[in-house]
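Let me begin by presenting the structure, written as structure tokens, before commenting on it.
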Amino acid sequence: MKYAKTFNDQGTLIFPGFAEEVAYDFQCDQKRRSGKGRITGGDPEQMRNAFRRGQMRLRLADGGEMPIVVIAHTEGAKEAFFEIQE
């Protein structure tokens, strides 16, 4: 599937008891309801925890939030991959 929009910026990864500043890079449809991308944080262990948690929210630089599911992470890496879950 080809997505219409691409976003690259800084945001916040959020789930209960946790909020971390991350960089994000993702492609999505016009309404941000479908898409996939990558988040990069400062701590590999936090990215691992995000992967284990799975569902969370990503607050974007424009103040909007969207539900995501972290679907992949490599042990020791500062990045994880996600899909938008709407």
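The table below gives the values:
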| quantity | calculated |
| --- | --- |
| Reachable lysines from residue 2, criterion Cα separation under 23 angstrom, eight or more residues apart if same chain | 31, 36 |
| D_trans [Stokes-Einstein, Kirkwood Rh over alpha-carbon pairs] for the chain, 10 °C, 1.306 mPa s, µm² s⁻¹ | 127 |
| Degrees, to the nearest 10: 44-53 long Cα axis against longest axis of the chain | 70 |
| Computed FRET value (nearest 0.05) for residue 45 with residue 86, which takes r as the C-beta separation and R₀ as 30 Å | 0.60 |
| Gain on full stretching of the segment that runs from residue 53 to residue 12 - 0.36 nm per residue minus C-alpha separation | 13.2 nm |
| Most mobile of 37, 63, 17 in a GNM of the chain (Cα contacts under 10 Å) | 17 |
| Label-point separation in nm, residue 79 to residue 21, each point 7 Å along Cα→Cβ | 2.0 |
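Each reported figure results from applying straightforward, stated rules to the coordinates on display, with no laboratory input. A quick note: this is a predicted structure, and the numbers were derived from the prediction, not measured. When we count neighbours, we look across all protein chains shown, and the Cβ atoms used for this are built from the backbone with ideal geometry, even at glycine.
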